[in-house]
Amino acid sequence: MEHESFEDEQVAALLNEYFVAIKVDREERPDIDQIYMGVCQAMTGQGGWPLTIVMTPDKGPFFAGTYFPKERRYGRAGLLDLLPRLFEIWTKERDKAEEISANIVAELNKSSAAKEQKEPARTVIDRAKKHFVRSFDERNGGFGQAPKFPSPHNLLFLLRYYAIKREKRVLDIVTITLDHMYAGGIWDHIGYGFSRYSTDDSWLVPHFEKMLYDNAMLAHSYLEAYQITGESLYSQIARQIFTYVVRDMTSPDGGFYSAQDADSEGIEGKFYVFSPREIETVLGREHAQSFCQHFAITAQGNFEEGSIPNLLTTQKSEWLLDPSSFLERDRQRVFAYRKQRVHPHKDDKILTSWNALMIGALAKGARILKEEQWLKMALQARAFIKRHLVRDDGRLMARYRDGETKHLGYLEDYAYLAWADLELYAATFDYSYIQQAMLIMREAKRLFYDEKQGGFYFYGSDGETLLMRPKELYDGALPSGNSVVLYVLEKLSLLTGSEEWGKLALQQIHAFYDQVEEYPSGYAQFLMGLQLHLDPSQEIVVAAHMAIEATKLLDVIGNAYLPQSVILLRTDENHETIAQDCTYTIDQEPQNHRPTVYFCESFACKTPIVDPDELRNLIMQMAVEKRP
């Protein structure tokens, strides 16, 4: 619409004559997008972007739709016909327009009203699992038909389900999906990083836009899959995601940029595709032949007039390239050649929420793969947020670009950042990160919480007054703020044993449980919080005089996949602070001056452990047990 309509002089003339035209960046103002997408879905039965809304001066919508061409085609009305008709309705049938607006607003407010409070049951988790099993694409991985989105939170939920129930089928679904996504063209085999989604069933042809949040959440998925399976491919993919982010998506000050466009020189995918002849000019005939065979680059092509490099016809045993191999060196040469092309536009705004997701992923990567450089990057980005995206009065802001900080932070900014701080604690055992997470959640409660019906509003009580204050729960392209809030609250409840967090977590479950029960698989991130609430948990306290003494015990714990666990490191330096917040740790001292692990399940503790091998055996025993 931007190119064919808004830049067209005829359309612009009509818009300027009849309307006040406002273009909204939905990434900067997700509150506006959230409200009016709900309007569009209520009025038309569907939604999508671009989103087109016509409203009264009082912000009341009376017309909604998505894409409209300049002139009628594809069975859609054209703007040249539509805009005069809408003006006519406003001038001659204003009562009708205002009635439509009032009815739709009333309907939306009605849908957000309180419903019957229900107690949570594990059956809702099992129903979500069954849905994913039924909708799984056996041939290509993923769920449903094209277009296919990675939806990493669905995979993370299934990994946790497997860890609790030990159903191999569930793990297979995740690994097959992760394998096929990597093999397809949705993964950039030359320069790394995942594109936003696949336009086909086999993950071959992506929408080439690369989003920071997709790569952050997929890094979480591959790292956790590596922990469970020990599959080196998954650790390598996570490493390459971080290589891409550090190289292409990091600002000089340490924040992370938002996205890279799909097109360059006005053509989608032009930056990413190759022909055999082009590869031959870079590598020479002999090397080009093996390179093109490995990455399925053919004269016929698979996209427009070129080939998207992929591994869909290559044996999995050959996917990982040895750093010293000819193919890896050739890939680097092709990458250097590609760098000379006109690059896709980079969206260089820095969003608190998406940065928080990447901070958490980098911290997890540093912890699992023992890479200090990624922890350094995570800490730099966290410092960037503190420096540029926190107002003097402590209010979190949403966006930074070119020295300008703008927009009050939304619920997802607070929720994602608290989650990132918990990941930073797990990577550093610096207790101040737990304290920061608690502070963030208290601020979130003050600004966003609905004291009457429970749940958290999308934007704060100090924000601009809009048509309504929605509460987002659906875990779509991104996990919702309310779902991440539940996950963080449950983690804080387990870490501290405090009634403050446990009570608020239960209220969060009650506020949304009936909605989740209607369609469980649409709320995978929320279900991860519900798993922490309903399934057995482990509270692990490592007590030592100094942190360095506990390294061997912490390594044993860190190498295991324990999604239902929280881990505290208590030392002489921090034990008073921890004991104040986490009263259950008061008597958990080092035994005979040796670092000691207190391993508790749902706050019932086993005999203290000082031997790393004994701890390893206990964790291995847990891994083979099937939970009820």
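Yes/no matrix, rows are residues, columns are (1) modelled with pLDDT of 90 or more; (2) outside any strand (DSSP E or B); (3) not acidic (Asp, Glu):
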site: 82; (1), (2), (3): no, yes, yes
site: 87; (1), (2), (3): no, yes, yes
site: 95; (1), (2), (3): no, yes, no
site: 98; (1), (2), (3): no, yes, no
site: 101; (1), (2), (3): no, yes, yes
site: 127; (1), (2), (3): yes, yes, yes
site: 130; (1), (2), (3): yes, yes, yes
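Given the residues 366, 336, 398, which is the only one that is closer than 28 Å to residue 448 by Cβ and among the small types (Gly, Ala, Ser)?
On inspection, the qualifying residue turns out to be 398.
Would you mind telling me which numbered condition in (1) among the hydroxyl-bearing types (Ser, Thr, Tyr); (2) exposed (fewer than 15 other Cβ atoms within 10 Å of the Cβ); (3) in a loop (DSSP other than H, G, I, E, B) residue 290 fails?
Failing condition for residue 290: (3).
Please work out which residue is nearest to residue 327 (Cα to Cα), limiting yourself to the stretch 170-195 and to residues that are touching a helix residue (DSSP H, G or I) at 6+ places or on another chain (Cβ under 6 Å) and assigned to a loop (DSSP other than H, G, I, E, B).
190
Mind listing just one residue for me: the one in the stretch 176-194 that is of a type in the set (Ser, Thr, Tyr) and surrounded by 23 or more Cβ atoms within 10 Å (Cβ to Cβ) and, of those, nearest to residue 151 (Cα to Cα)?
Residue satisfying both the conditions and the ranking: 177.
Going by what's in this entry, would residue 377 be described as over 30 Å from residue 247 (Cα atoms), under 22 Å from the mean Cα position of the chain (by Cα) and modelled with pLDDT of 95 or more?
No; evaluated as a whole, the condition is false for this residue.
Tell me yes or no: at least one residue of the stretch 58-77 is closer than 23 Å to residue 412 by Cβ and without any contact (Cβ under 8 Å) to a residue 12 or more places away in the chain.
no
State which residue pairs qualify: first residue under 22 Å from residue 484 (Cα atoms) and not assigned by TED's automatic domain parsing to the domain that holds residue 409 and inside the stretch 458-473, second residue surrounded by fewer than 19 Cβ atoms within 10 Å (Cβ to Cβ) and modelled with pLDDT under 90 in any location, beta carbons under 7 Å apart, and separation of 6 or more residues or different chains.
none
Anything in the stretch 597-623 that is without any contact (Cβ under 8 Å) to a residue 60 or more places away in the chain, in a loop (DSSP other than H, G, I, E, B) and within 23 Å of residue 497 (Cα to Cα)? List them, or say none.
Across the stretch 597-623, the qualifying residues are 606, 607, 608.
Considering only the stretch 535-592, how many residues are touching a residue at least 40 places away in the same chain (Cβ under 8 Å), part of a loop (DSSP other than H, G, I, E, B) and over 34 Å from the mean Cα position of the chain (by Cα)?
Number satisfying all stated conditions: 5.
Of the conditions (1) loosely packed, with under 15 Cβ neighbours inside 10 Å; (2) part of a loop (DSSP other than H, G, I, E, B); (3) in contact with a helix residue (DSSP H, G or I) (Cβ under 8 Å, 6 or more places away or on another chain), residue 12 satisfies every one except a single condition; which number is it?
Condition (2) is where residue 12 drops out.
(1) over 23 Å from the mean Cα position of the chain (by Cα); (2) farther than 20 Å from residue 345 by Cβ; (3) β-branched (Val, Ile, Thr); (4) surrounded by fewer than 17 Cβ atoms within 10 Å (Cβ to Cβ): which one isn't true of residue 267, the others all being true?
It fails just one condition, (2).
If we scan the stretch 159-175, do we find a residue that is in the same structural domain as residue 250 (by TED's automatic domain parsing), surrounded by fewer than 20 Cβ atoms within 10 Å (Cβ to Cβ), on the phi > 0 side of the Ramachandran plot and not polar (S, T, N, Q)?
Yes, the conditions are met somewhere in the stretch 159-175.
Being more than 23 Å from residue 242 (Cβ to Cβ), among the charged types (D, E, K, R) and out of contact with any Cys (no Cβ under 8 Å at 6 or more places or on another chain) is the requirement here; does residue 399 meet it?
In short, yes.
The values are calculated or read from the model by the stated rules, or taken from the named source; none is laboratory data. Fair warning: this is a prediction, and the values are worked out from it, not measured in the lab. Please note: Cβ atoms are built from the backbone with ideal geometry, for glycine as well, and neighbour counts cover all protein chains shown.
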